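**Q** Structure below; questions to follow.
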Amino acid sequence: MAKPILTRTSFDASRQFIEQKGRSLEIARFHYVFSEASSDSVVAALKEFQNPDGGFGHGLEPDLRTNDSSALCTSIAFQVLRSINGTSDHELVSVAISYLLKTLDQKEWHWPIIPKSAQQSPHAPWWEQSYDDAPESFSLNPTAEILGYLYDYQHLVPETIISQVSERVMGALSPANKIEMHDLLCCLRLMKTKTLPNEFREQIRQALVQQLDGTIEQDPAKWEGYCLRPLQVIDAPDSPFMAGMEDAVAANLAYEVATQSKDGAWLPTWSWGDMFPDAWQQAHQDWSGVISIETLLVLKRFGCIEGISQPT
């Protein structure tokens, strides 16, 4: 199968969409990757989503519109920092780590994904919360991912916290527990942590190999719905999960190139139904910017954008 290529015209359409409809964060990320702009502009745009308590909110995750800080939005902030090779030199990092240490549930050794106060603001149906006071049970989403960021900035984190959360994550990755796609994505981000001890990384890889079977949707006819596509797991040519998935990855690359919308964007495959229609309209636009930049990044890694070289 010939490598699918996003033409320069299509790439320019996506640039125009991001610059005209995207948030300042996605615009800054685009120019960092494709125009060699400084990472400082990305950090400055990210800071707009940070609260005085160090956590992130303000719709950084577009389905959660509350201004209040959440582990979910804070984990996304660290995803962005990692994508620009961010360091702890930035003041927003130390206060964000401090927020995570303060909000860690040391009974379950996890982070509740969103605060109860999020119920008061527009949100997707899956973020609807009941008002009971029952404690949340352990969740790999976003705890596994956050563990990776604690390793990244371990000089700011008590060693006992890293070891306790690590132990809890590995326990949840038992073959007896079938994990869902968002848990899996959080574990993949943990595995990509460069500061992770090699033995721990290998344990996670082995556990995930057993979880991947049947989790990745390989039927292109189903990709227009909400599912885990091959490129969400195998997002670079050197992925440790590439073996045996080459055809599915090639088909998914072709699908992404073919499904760019007329305005240059890639669109969310979900909706909020009839909940908060005005807020969803804004969330849909925000998501379109986020998904578009993420799709362009994947296409770049695989050398699928005309005139733009693959990273070495």
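**Q** Filter region 203-225 down to the residues that are in a loop (DSSP other than H, G, I, E, B) and of a type in the set (A, V, I, L, M, F, W, C), then identify the one that is nearest to K192 (Cα to Cα).
**A** Looking at the filtered set, the residue picked out is I216.
**Q** For region 181-206, what are the residues that are β-branched (V, I, T), surrounded by 18 or more Cβ atoms within 10 Å (Cβ to Cβ) and closer than 21 Å to T87 by Cα?
**A** The answer is T193, and nothing else.
**Q** Out of (1) touching a strand residue (DSSP E or B) at 6+ places or on another chain (Cβ under 6 Å); (2) under 28 Å from Q310 (Cβ atoms), the odd one out for C73 is which?
**A** (2)
**Q** Do we find that S41 is surrounded by 15 or more Cβ atoms within 10 Å (Cβ to Cβ) and more than 22 Å from Y99 (Cβ to Cβ) in this structure? Spell out the reasoning first.
**A** On the way: surrounded by 15 or more Cβ atoms within 10 Å (Cβ to Cβ): yes; more than 22 Å from Y99 (Cβ to Cβ): yes.
For S41, the condition - surrounded by 15 or more Cβ atoms within 10 Å (Cβ to Cβ) and more than 22 Å from Y99 (Cβ to Cβ) - is met.
**Q** Which of the following residues is basic (K, R) and within 23 Å of S271 (Cα to Cα): K3, K21?
**A** Details: K3 fails: within 23 Å of S271 (Cα to Cα).
Result: K21 is the single residue among K3, K21 that is basic (K, R) and within 23 Å of S271 (Cα to Cα).
**Q** Can you pull out every residue in region 267-296 that is crowded, with 19+ Cβ neighbours inside 10 Å and assigned to a helix (DSSP H, G or I)?
**A** Within region 267-296, W280, A283, D286, W287, S288, G289, V290, S292, I293, T295, L296 meet the criteria.
**Q** Does L228 satisfy the condition of being buried (at least 20 other Cβ atoms within 10 Å of the Cβ), at pLDDT 95 or above and closer than 29 Å to H31 by Cα?
**A** When the stated conditions are applied, L228 does not pass them.
**Q** Quick check on K178: is it over 30 Å from V209 (Cβ atoms), of a type in the set (K, R) and touching a residue at least 12 places away in the same chain (Cβ under 8 Å)?
**A** No, not satisfied.
**Q** Something else now. Does region 53-61 contain any residue that is more than 19 Å from the chain's Cα centre (by Cα), modelled with pLDDT of 95 or more and not small (G, A, S)?
**A** Yes, the conditions are met somewhere in region 53-61.
**Q** Are there any pairs with C-beta distances below 9 angstrom linking a residue in region 116-142 that is within 29 Å of A207 (Cβ to Cβ) and at pLDDT below 95 to a residue that is of a type in the set (D, E) and not in a helix (DSSP H, G or I), with the two at least 6 apart or on different chains, and if so which?
**A** Between residues of region 116-142 that are within 29 Å of A207 (Cβ to Cβ) and at pLDDT below 95 and residues that are of a type in the set (D, E) and not in a helix (DSSP H, G or I), the close pairs are P135/D105; P135/E108; E136/D105; E136/E108; S137/E108; F138/D105; F138/E108; S139/E108.
**Q** Continuing with the same structure: From L184, L228, L196, grab the single residue that is in contact (Cβ under 8 Å) with a residue 12 or more places away in the chain, of a type in the set (A, V, I, L, M, F, W, C) and in a helix (DSSP H, G or I).
**A** Going through L184, L228, L196 in turn, the sole match is L184.
**Q** Can I ask one more? Report the residue count in region 232-250 for those that are within 17 Å of P311 (Cβ to Cβ) and within 18 Å of the chain's Cα centre (by Cα).
**A** 4
The values are calculated or read from the model by the stated rules, or taken from the named source; none is laboratory data. Everything numeric in this text was worked out from a predicted model, so none of it was measured. Reconstructed Cβ throughout: ideal geometry from the backbone, glycine too, with neighbour counts over all protein chains shown.
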